[in-house]
Amino acid sequence: MSKYYYLVAGLPDLALDDSKLSYTVADFKTEFYPYLSDADKKLIDLFYLKFDNANVLKLLKDRDAVIDTCGLYSVDELSGFIAMLKDGDEVPDRVFPSYLSAFISDYFNQPTEEMNSLPENRLAGLYYAYAMKCKNRFVSDWFSFNLTVNNILVALTARKYKFEVAPLIVGDTSICEALRTSTARDFGLGTEVDYLDQLMKISEVEELVEREKKIDQLRWNWMEEATFFNYFTIERLFVFLLQLEMIERWLSLDKERGSQLFRSMIDALKNEVQIPAEFR
């Protein structure tokens, strides 16, 4: 396992309530990424692929869309891969992640009426499944934890507003299945998810910004605990990157935007039971 004494020693301490950052997620990719081993670059790639996911969705709707440059692939590369897959060609896994190839191919080949979830939810499910197969225990566990947190919160919100839960759940784990099918107050997960009570209390917080902060604090605490004995390792760099992204997001938010996010989230839940027109 590679050790990154110089890189980790040079990282600043981060706190969730930091009011400024000396550098960003984008800076991390340019400044730290070149110093990683090839194996560890693949782990960090799992983080940056979320931006490629969003970029692919944008380009499928609008080939002239402006994409987020934090992704691993340029707009020309993504456009080229999309064109190849649309024509039925194959893109080698070593060049382009298999889950993205599968998603794009299905997008063009599967009839709309056979789709049982939104494209972004299908892509998220494939992404999490791909990442959870990672051989690094911490990175795999992080994606599993994050998937579970997201799904439980979605399920609790859906129940609160009397939406159907099943279509909103992402992924195919046993926890996903319980959330889709259980009518129990705790979805039958009381003994399986040890932070379920925390999530249930968080979901009851009415003020969105406060609620989101509590969710991120839960994530922050989980990361710190899971890597407590990791010193100068890729796990510590992965956590720093996650925390950096979290702080960036909070620096861009305020209470007014938080209220807007809440309204848009509820609107999205109402609309997610059907495929929007732009995807048909």
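The values are calculated or read from the model by the stated rules, or taken from the named source; none is laboratory data. Source: prediction; values computed, not measured. Cβ placement follows ideal geometry from the backbone for every residue including glycine, while neighbour counts extend to all protein chains displayed.
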For this session: Consider Leu85 carefully, then state whether it is part of a helix (DSSP H, G or I) and modelled with pLDDT of 95 or more.
Result: yes
Seminar exercise, completed: With criteria (1) under 21 Å from Leu147 (Cβ atoms); (2) crowded, with 17+ Cβ neighbours inside 10 Å, Thr233 comes up short on (1)
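Tally the residues that are in a loop (DSSP other than H, G, I, E, B) and surrounded by 16 or more Cβ atoms within 10 Å (Cβ to Cβ), restricting the search to the range 25-63. First the steps, then the outcome.
First pass over the range 25-63, keeping only residues in a loop (DSSP other than H, G, I, E, B): 32, 36-37, 62-63.
Imposing the further condition that a residue be surrounded by 16 or more Cβ atoms within 10 Å (Cβ to Cβ) reduces the set to 32, 36.
The qualifying residues number 2.
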Exercise. Inside the range 137-153, can you point out the residues that are free of Cβ contacts under 8 Å to residues at least 40 places away in the same chain and touching a Leu at 6+ places or on another chain (Cβ under 8 Å)?
Worked result: Asn151
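Can you pull out the residues in the range 186-203 that are over 23 Å from the mean Cα position of the chain (by Cα), of a type outside the set (Gly, Ala, Ser) and modelled with pLDDT of 95 or more? Steps first, please.
Within the range 186-203, the subset over 23 Å from the mean Cα position of the chain (by Cα) is 186, 188, 190-191.
The next check asks that each one be of a type outside the set (Gly, Ala, Ser); those that pass are 186, 191.
Selection gives Asp186 alone.
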Exercise. Checking Ser203 against (1) buried (at least 18 other Cβ atoms within 10 Å of the Cβ); (2) under 15 Å from Phe143 (Cα atoms), which test does it fail?
Worked result: (2)
Seminar exercise, completed: Matching residues in the range 58-68 (β-branched (Val, Ile, Thr) and either at pLDDT below 95 or in contact with a Leu (Cβ under 9 Å, 6 or more places away or on another chain) (or both)) number 1
Exercise. So which of Glu31, Glu77 is out of contact with any His (no Cβ under 7 Å at 6 or more places or on another chain), at pLDDT 95 or above and not small (Gly, Ala, Ser)?
Worked result: Glu77
Seminar exercise, completed: Those residues of the range 96-116 that are over 17 Å from the mean Cα position of the chain (by Cα), in a loop (DSSP other than H, G, I, E, B) and either surrounded by 12 or more Cβ atoms within 10 Å (Cβ to Cβ) or at pLDDT 95 or above (or both) come to a total of 2
Seminar exercise, completed: Subset of the range 123-167, residues of a type in the set (A, V, I, L, M), under 15 Å from the mean Cα position of the chain (by Cα) and farther than 18 Å from Pro97 by Cβ, comes to Val149, Ile152, Leu153, Val154
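Considering each of Glu210, Glu206 in turn, give the residue that is of a type in the set (D, E, K, R) and either modelled with pLDDT of 95 or more or more than 21 Å from Glu245 (Cβ to Cβ) (or both). So that I can check it myself, show each step before the final result.
Working: Glu210 fails: either modelled with pLDDT of 95 or more or more than 21 Å from Glu245 (Cβ to Cβ) (or both).
Residue meeting the stated conditions: Glu206.
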